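Inspection log for the structure reproduced underneath, given as structure tokens.
The values are calculated or read from the model by the stated rules, or taken from the named source; none is laboratory data. Bear in mind that the values here come from a model prediction, so they are computed numbers and not experimental data. Here the Cβ is made from the backbone with ideal geometry for all residues, glycine too, and neighbour counts use every protein chain on show. Only protein heavy atoms, including side chains, enter the accessible area calculation; ligands, DNA and RNA are left aside. Shrake-Rupley method; radii C 1.70, N 1.55, O 1.52, S 1.80 Å.
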Amino acid sequence: MTPPADPAALARGVIGVGFAGTTAGTAPLEALRAFDPGALILFARNVGTPDDLRDLVAALRALGSPAPLIAVDQEGGRVERIGEGVAALPSAMAVGATDDIALAEQLGRLLGRDLARLGINVDLAPVADLSLQPRSTVIATRAYGDRPERVGAFASAFARGLERAGIAAALKHFLGHGSTADDSHVGLPRIAADAATLRARDLVPFARAIADRAASIVMSAHIVVEAFDTDRPATLSHRVLTDLLRGELGFEGVVATDCLEMDAIANGVGTVRGAVEALAAGADLLFISHHLELAHEAAGAIVAAVRAGEIPLARLQDAYARVGTLRTRLAQR
């Protein structure tokens, strides 16, 4: 995918946006076409009948060449945006309880085939977090369990199944959301465990799946992990996204952010500034899932940061290239 010379087009191409509407006739297709995002994300608000969804996704894929990434959170269990027309999977914890890793890959492939038939090509799954906090309302049964190596094996297998069905899998939420009960949708969690504990525990499932080259995407968590960066949440931390994820763990795929409209970011540095700082930290795909006007502001802020020398143009080009490579690969399937 040849990168455009215009920094504004580059900036829009590293942003993933959401929208309202369940059909091609009710979605803001012209506004989305004009923005030309790198990705679009679907929520339950976009899901009508299977035929409506298939037609909507076809219209979304026609917005760019190659088509933008079409993403959805379809994990199984309580996080399923699509309720009809795809396999209804048990929660990750239920799958983990079977102790059958082959089953996890089979379920990933089954779900992937159903998503592919709808035209969706990115599943923001599997969860590679550990279920370490009984009071957690954000992870809980979304995790395969609390044993690091076992969770890594299950997450890797599920991701491999998705990928073999033609769907890009996304490991989340790096570098582990499972040891805090706080929810980054409504606040900024902090994890105070030391680095040795984190390397032997929270990081293990991600390291396993990355070593297996199981997933095309890793999604960052909006959490401050004090052992690696005392000031910045992982999404905005160069130490986490570049030094640790890229440098130490060797991940070469697309680094995506969790939604930058979540309160952990929106009520801190703000969504627009968060997009700038996430890109500078090493993120390639910046999700702004609810308000297109914020995505426009973020693109403008990224351009301004490049022109001011805050972000090297090469960093923006690199992010665009990573997203573009994935778009091109998936468009050929």
Quick check, is residue 116 open to solvent by 20 Å² or more (accessible area, probe 1.4 Å) and out of contact with any Cys (no Cβ under 8 Å at 6 or more places or on another chain)? yes
Does the range 121-129 contain at least one residue that is in contact (Cβ under 8 Å) with a residue 24 or more places away in the chain, surrounded by fewer than 18 Cβ atoms within 10 Å (Cβ to Cβ) and at negative phi? no
Scan 145, 166 and give me the residue that is at pLDDT 95 or above, over 19 Å from residue 91 (Cα atoms), open to solvent by 10 Å² or more (accessible area, probe 1.4 Å) and in contact with a Gly (Cβ under 9 Å, 6 or more places away or on another chain). 166
Residue satisfying condition, being in contact (Cβ under 8 Å) with a residue 12 or more places away in the chain, surrounded by fewer than 20 Cβ atoms within 10 Å (Cβ to Cβ) and aliphatic (A, V, I, L, M), within set 92, 97, 62: 97
Suppose the filter is part of a helix (DSSP H, G or I), surrounded by 22 or more Cβ atoms within 10 Å (Cβ to Cβ) and either at pLDDT 95 or above or aromatic (Phe, Trp, Tyr) (or both); does residue 110 pass it? no
Just to confirm my filter: which helices (runs of 4 or more DSSP H) fall fully inside the range 136-241 and include at least 1 residues that are closer than 25 Å to residue 277 by Cβ? 195-200, 204-211
Looking at the range 212-222 only, could you name the residues that are touching a Gly at 6+ places or on another chain (Cβ under 8 Å) and of a type in the set (A, V, I, L, M, F, W, C)? 215, 217, 218, 221
Looking at 103, 56, which one is open to solvent by less than 60 Å² (accessible area, probe 1.4 Å) and either touching a residue at least 24 places away in the same chain (Cβ under 8 Å) or not in a helix (DSSP H, G or I) (or both)? 56
Is it true that residue 315 is basic (Lys, Arg), free of Cβ contacts under 8 Å to residues at least 40 places away in the same chain and either under 27 Å from residue 186 (Cβ atoms) or part of a helix (DSSP H, G or I) (or both)? yes
In contact (Cβ under 8 Å) with a residue 12 or more places away in the chain, open to solvent by less than 10 Å² (accessible area, probe 1.4 Å), within 15 Å of residue 155 (Cβ to Cβ) and touching an Asp or Glu at 6+ places or on another chain (Cβ under 7 Å) - does that describe any residue in the range 218-237? yes
Given the structure, is residue 292 under 27 Å from residue 120 (Cα atoms), at pLDDT 95 or above and open to solvent by 10 Å² or more (accessible area, probe 1.4 Å)? yes
Quick check, is residue 27 part of a loop (DSSP other than H, G, I, E, B), open to solvent by less than 20 Å² (accessible area, probe 1.4 Å), at negative phi and touching a Lys or Arg at 6+ places or on another chain (Cβ under 7 Å)? no
Mind checking whether some residue in the range 264-276 is hydrophobic (A, V, I, L, M, F, W, C), in a loop (DSSP other than H, G, I, E, B), under 21 Å from residue 143 (Cα atoms) and over 16 Å from the mean Cα position of the chain (by Cα)? no
All positions within the range 36-53 that are under 19 Å from the mean Cα position of the chain (by Cα) and either of a type in the set (Ser, Thr, Tyr) or open to solvent by 20 Å² or more (accessible area, probe 1.4 Å) (or both): 36, 43, 44, 45
Leading residue by the ranking (nearest to residue 39 (Cα to Cα)) among those in the range 282-326 that are among the basic types (Lys, Arg) and over 17 Å from the mean Cα position of the chain (by Cα): 315
Verdict on residue 22 being without any contact (Cβ under 8 Å) to a residue 12 or more places away in the chain and open to solvent by 40 Å² or more (accessible area, probe 1.4 Å): no
Mind telling me which of the residues 269, 255, 240 ends up being surrounded by fewer than 23 Cβ atoms within 10 Å (Cβ to Cβ) and in contact with a helix residue (DSSP H, G or I) (Cβ under 7 Å, 6 or more places away or on another chain)? 269
